[in-house]
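Presented below is the structure to which this report refers.
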2 protein chains.
Amino acid sequence: MPPPAVPTPEWVKKLTPSGPQGHELLAQERAKSTLPVQNLSTFLFTEEVLERKRRILEILTKDPVFDKSNNYFAGRIDRFEAALARAKRLRQLTVDHGWTDDEFHMASDLLNEPTPYGLHASMFTVTLRDQTTPEQQELFYKKAKNYEYIGCYAQTELGHGSNVRGLETTATWDPATKTFVLNSPTLTSAKWWAGSLGRTATWAVVMAQLIINGKSFGPHPFVVPIRDRKTHQPFPNVSIGDIGPKFGYNTMDNGFLLFNHYRIPHINMLSKFAGVDPKTNKYIRPAKASLVYQTMTWVRSTIVVQAGSVLARGVTIATRYCSIRRQFQDRDAPPGEKLETQVLNYTMVQIRLLPLLAATFALHFTGKNMMALYKANQKKMQETDNGNTTSPQRSPGPEELRPSSDLMADLHATSCGLKSLCSSIAAEGLESCRRACGGHGYSSFSGIGPFYADYLPTITWEGDNFLLTQMVARFLLKSARSVLKGEPPTNDTTRNLQNFLEKSEMGAAFDILGKDEDIVAAFAWRAAYLTFEALKRRDEQKTPWNDLLVDFFRLSKAHSQYLVVQSFYTGLQEPSTQQELDPETLALMHKLFRLYALHTLESEASEFYSSSAVTVRQIQLARTNAVMKLLAEIRPHAVRLVDAWDFPDWQLDSSLGRYDGKVYEDLFYRASELNPLNAVTIDPYPNSGVLFKSDKSSQFKSKL
Amino acid sequence: MPPPAVPTPEWVKKLTPSGPQGHELLAQERAKSTLPVQNLSTFLFTEEVLERKRRILEILTKDPVFDKSNNYFAGRIDRFEAALARAKRLRQLTVDHGWTDDEFHMASDLLNEPTPYGLHASMFTVTLRDQTTPEQQELFYKKAKNYEYIGCYAQTELGHGSNVRGLETTATWDPATKTFVLNSPTLTSAKWWAGSLGRTATWAVVMAQLIINGKSFGPHPFVVPIRDRKTHQPFPNVSIGDIGPKFGYNTMDNGFLLFNHYRIPHINMLSKFAGVDPKTNKYIRPAKASLVYQTMTWVRSTIVVQAGSVLARGVTIATRYCSIRRQFQDRDAPPGEKLETQVLNYTMVQIRLLPLLAATFALHFTGKNMMALYKANQKKMQETDNGNTTSPQRSPGPEELRPSSDLMADLHATSCGLKSLCSSIAAEGLESCRRACGGHGYSSFSGIGPFYADYLPTITWEGDNFLLTQMVARFLLKSARSVLKGEPPTNDTTRNLQNFLEKSEMGAAFDILGKDEDIVAAFAWRAAYLTFEALKRRDEQKTPWNDLLVDFFRLSKAHSQYLVVQSFYTGLQEPSTQQELDPETLALMHKLFRLYALHTLESEASEFYSSSAVTVRQIQLARTNAVMKLLAEIRPHAVRLVDAWDFPDWQLDSSLGRYDGKVYEDLFYRASELNPLNAVTIDPYPNSGVLFKSDKSSQFKSKL
């Protein structure tokens, strides 16, 4: 990096921020509360994970390739090259240290940027592991695992995203040569968005319409060599490139890919579940589609699990900075008070930040419940598989594969609803945190903006957050129909629906301000009410599906909000929670639960009214009394609570969120010492070139 | 720009999107409606403005310096240099063509990027024009106007934003030398964020605490030479630089500035309103602070005026793209239907986009009303000034200057409330539009993301959108007190409050589904209800100000939403509107009014319930019947409605929003032909350098 044009003068270097200093303010904050931070961290993550983090952090921070100081300044090409270098180094470290998957993921998490190996290490390798025959395992999976093949996963096309059934790329079986002919018949059939494809991958798993003897059998996966190992150029009749810059995620080479009647051998169709018999030229129907289906559920569950920690990064940065930033005196402050107030003392800042702080814990418990449900289903599937040979017909589409059991249906709906809600909470929350930092939140050095921009695709991929709500609604309508038919409840959802039916004639009387369990019950009640309302419109009034999408969205949100509130509540009742947390922390967690639940309830007040779950008066009291009181009670613990999320400064890479509070020093250091623009001296007058005299020539100089 | 590594193969160049083509779909859309686009454009902008746009567009598009094709790819330094070159060229064109201010602003608007001359052309020159003595006009203003001095406006500091009174930079009067000594006593006193300061300006208007004889007289403006004209280096004892990259606005050099006991002559204090008498060394009190105060109101009013058009860019892009993008068949479509549905046909997409389309018109009429109020006040002030010699005391602070008349108080509150609401609607709306574009919305080529990122500071600057709501609340509380005292209503606000008081014992019965004027009345009722509720809490219950901030925010929002709905409604009643719009367009505008108002009402349902303005049943009917019906009725006109906003493709710079619908062709062209990353060939294997063999050397190659 070039040095700044003018070195920072000595008299500037001597300046310090006006007092009290950031580190003093954070020390005061930490002294206000006796919350045992270390203990809460251990409860959230376990000692094993915390130890792992320290160990891997030390390895990464010592390695110059992971130096982050240029990240916020570099252009796309430099950032991409840096990210690739880091991906390579992570792979080398994995080999050198014999890292487990958990250790590798910890390193990626600390590095905090998508890398060009991202899709290789996940979807490409996992697909080859799970969807190959033993012969293919040897040929493809092992090479992928050892990074001899670098791959990507090419499904989405320029004209086709969510609707996998509508993909245009074809793989036509040629009985004469026993090969598949891959073809991109239109521009819209270009594979588009696949991560790691643009510049990096030598192989791709390609989803293409399988055609045998003129008949289409729907999309199937093929593993396809796309670039020459020696020259790294695309093979003839293959066209590849990077799709260009994005709102974020610019360290990743999302790519495009087209085929011109490109042939691959029979062995390259991933055939664990379905295939083509090369002798009869007949389609072999899939045996166990549920496993494919499990992959999507797994990915969504992972998004749910991560949402709390994603949001916590923004909340950590904003909470620390709002404890240091001071602005105005409180209007009711004693006259003569000179010191400005920490902005975290303003209720308008508290109402924006503290419910998000509460949400980080709500999402933490929700993630735990999500993963428990996933594991319960996996266990049950394994038990069933052992004595089961049924082969459900594969029928992917807007509703994906139909779940084959009650538990699986529950898991599917839960993962769809929670993926949609939790990733939205995290994304919106990050942006709220950025804005709560005022002007400096707009600086890249806040660390929130770049992270938010990288996180944003999560609300679209693995099922668009709006689209997924239809699947939740379908599950709920089906559940309601079974309850109306008098079938006995089989899960929490049907129990809530049954309970609502039984009591709907008596009305509800939830003491939301007095009893925590009544808050949970009010959320269940509202979701049940909306379910039966939607059912009436669909089944009785025969309303077209399309006219109900907005209702379905609201229904899915209501149901998923119930799941979050319920997870938080039951998480606090768990014996392990009661055991691991001291009474003070536990009491504070209960307050965070109430803040999260009541604030959510108040934001959705009209549905709670309509369903008669609560009264107008209760909502008013919740807003003006309960929530405001909770803000005041939680405020003193805010900094310690975010400390418990245990983000190393290196991971946050934020001037505003530094653990030591040296906000202004760091902003100034990055601007004055690291910023390469300051090495450019321009000529400011209109009738001149752009750059100053002896400075490097500019493409714009000649144009004037 | 380097050529792509591998040229696009001929077989790819021959491909077209699968049919129907984008241009066919847009043609169908435009055929569905008979809305006279040209006529509506003229109504919105006037013929004069439309002609101006065409004329200037032609000049700009012919000039290579304004070529936008590299914008989404270039790194910060290149973008900054390009923006400076364009700023210079705009200045040259202004001189060459003798452009008026309106013509210059049109050119800037079409260029669609902040430039390093941005603050020179606005705040620097305007401040010099308005706050200088005749002698200073000659010395400073004229040179600024002729671009002999390039300047910026340095007010915000590293540690001080909204609270101008808390600024730390000092300007100490030295009677011995008759100079002011500018000083930055701390790091937090560094001027920070000032646009055009980082690399460009040679002069700065600096706000600093005036100190005379040890006593502080508050912040005052000084015009300060900061860089040497010949070397463009900072003067000794001045430290300047760019503050680094931001979430957006990266073509602008927002900067920092510090002084080390830096002396400027007496003449450099801008002394039209206040000053220091160099003979007596006494402070000269300000004569007419109202003009200073008017500048802030003017800037806020401008933000209100622009909000509709800002939002309309996103709505234009999303509406066109959602007419072309197809995904899934409608669930109730006839079996065998092969063609996928345009996503704009899904109600879930309609509910996200069409209320925003309605909002563009709501904001248009709001902007017109805002400007009319501003002009009425200016006229009144001029009339008063002629016979008035009172000099209101200047007392800037969190509440800024207290307005000195009823009309001015109304203008102040209205500009604060509407700036807060309208810029939030525009910003949130742009992001909603981006997301409504699905995956491709995330691509920079969507054109929405980069524009949104550049617009975002608007919600923070010129009064933070949260902070401003306190000023609105204060105005409303004061108005309510006067009504309670029995003072006769003087404006629309007090009339509404009076009306509420008179009828509050009878209750309201607004026919929101039947009568448009009743919708407006319901908004007025709810705002009045919240005003008296807040007043009760403040005056009767003596609630601390800080505990009311959340209530004040809601109150300001409710009041401002009323203003928007009322502006839209009365705008449609105007004789000029009735005259200029044909009956069909007028009927459609009324539908847009209802959609905007009922959708807003429904989003804020709980406050409408609490205030008893509407019943639960009414809201349910509004949601499930009225709004859904309006969506269906407006849907066929959507593309023509956005066409009426008349954005040239060159201005939007969006693949998705092209007038001709060639979405996929343009996405592919930019990715394959313009994208410089595709010129980089990497070595993908973990134990190698980053770049491929003969390729240019990389800083990361050596590190591995």
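Just so you know, all these numbers are worked out from the coordinates, no wet-lab data involved. Just so it is clear, the model here is predicted, and its values are computed rather than measured. All Cβ positions, glycine included, derive from the backbone under ideal geometry; neighbour counts span all protein chains shown.
Annotations for the structure displayed:
- Cα lying deepest toward the dipole's positive end in the protein assembly as shown, options B:THR460, A:TRP193, A:THR494, charges on Cβ: A:TRP193
- Each Lys and Arg Cβ is given +1 and each Asp and Glu Cβ -1; about its Cα centre, chain A then shows a dipole of about 1560 debye.
- Lys/Arg +1, Asp/Glu -1 at C-beta; chain B dipole; positive extreme among B:ALA107, B:SER610, B:GLN233: B:GLN233
- Cross-link pairs A:LYS338/B:LYS536; A:LYS379/A:LYS515; B:LYS145/B:LYS272 - those with Cα-Cα distance over 26 Å: A:LYS338/B:LYS536; A:LYS379/A:LYS515
- When trypsin sites (Lys or Arg not before Pro) are flagged only if DSSP places them in a loop and at most 13 other Cβ atoms lie within 10 Å, the longest unflagged stretch of chain A comes out as A:15-228.
- Copies compared at A:ARG30 - label distances in nm, ascending, label defined 7 Å from Cα in the Cβ direction: 6.5
- Model label points for B:ASN687 and B:ASN237, set 7 angstrom from Cα along the Cα-to-Cβ axis, are 6.4 nm apart.
- Distance distribution note for chain A: the fraction of Cα pairs above 46 angstrom is 28%.
- Taking the Cα centre of segment A:295-643 as origin and assigning +1 to Lys and Arg Cβ atoms and -1 to Asp and Glu Cβ atoms, the resulting dipole is close to 460 debye.
- Label spacing, shortest first and in nm, from A:ASN146 to its equivalents in the remaining copies (7 angstrom along Cα→Cβ): 7.7
- Each of A:GLN38 and A:ALA176 was given a label point 7 Å from its Cα along the Cα-to-Cβ line. The distance between the two points is 7.5 nm.
- Placing unit charges on the Cβ atoms of the charged side chains and taking the dipole of the protein assembly as shown about its Cα centre, the candidate lying farthest along the positive direction among B:TYR442, A:VAL12, B:PRO684 is B:PRO684.
- What separates the A:ARG495 label point from its copies, with the point 7 Å along Cα to Cβ, is 5.9 nm, written shortest first.
- Helix runs (DSSP H) in chain A reaching 18 Å along axis by Cα, Kyte-Doolittle at least -1.0: A:47-62, A:76-97, A:290-324, A:347-386, A:406-436, A:468-484, A:516-535, A:549-573, A:583-603
- Under a model in which nothing but the beta-carbon of Lys, Arg (+1) and Asp, Glu (-1) is charged, segment A:508-659 shows a dipole of about 580 debye around its Cα centre.
- Note on segment B:565-697: Cα Rg divided by 2.2 N^0.38 Å, N the number of residues, gives 1.80.
- Nearest beta carbon of chain A to the A-to-B rotation axis, with distance in whole angstrom: A:GLY75, 1.
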